[in-house]
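The values are calculated or read from the model by the stated rules, or taken from the named source; none is laboratory data. Just so you know, these numbers come straight off a predicted model, no measurement behind them. Cβ: placed from backbone, ideal geometry, glycine included. Neighbour counts: every protein chain shown.
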Amino acid sequence: MRIKVHGGTRSSHSNNLCSTCRHSRITRGHTLDEELVFCNASHLRTTQITFKVSECSDYSDQTVPSYWELLQQAWILQPGSRKRPAGFVRSSDLRDAEFDRYMAGLRKHGGP
């Protein structure tokens, strides 16, 4: 019979969070014990990590798109004008000035 204890000692076979974190820089050698892990989560300095990380308050999963990447893929509803009808456009197709104006409107109305 198998018993699962929640919040107990971490398994040594679990994955290291640093391997999928945006803030980490990992350099591996030829053997398993040749590995350097550096964390760039702090804006002040880079920290060398010397152990497997199981929890981190600044973890940012690189397998999930960031807010900026999602925004680049977004479709934005543009109101109609004399030059063009109302409709959706990709945010990546907007000119820089239009994109900046849209972002300023988002901040003004409580967006992220």
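This table checks each residue for (1) β-branched (V, I, T); (2) modelled with pLDDT of 90 or more.
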| site | (1), (2) |
| --- | --- |
| V5 | yes, no |
| R22 | no, yes |
| T27 | yes, yes |
| H43 | no, no |
| Q48 | no, yes |
| Q72 | no, no |
| P85 | no, no |
| F88 | no, no |
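Of the residues making up segment 63-106, those that are of a type in the set (V, I, T) and either in contact with a Leu (Cβ under 8 Å, 6 or more places away or on another chain) or exposed (fewer than 10 other Cβ atoms within 10 Å of the Cβ) (or both) number 2.
Just one of the numbered conditions (1) closer than 20 Å to C18 by Cα; (2) under 18 Å from the mean Cα position of the chain (by Cα) is not true of L70: (1).
Only residues that are in a loop (DSSP other than H, G, I, E, B) and among the β-branched types (V, I, T): list them for segment 56-88, please. Those that are in a loop (DSSP other than H, G, I, E, B) and among the β-branched types (V, I, T): T63, V64.
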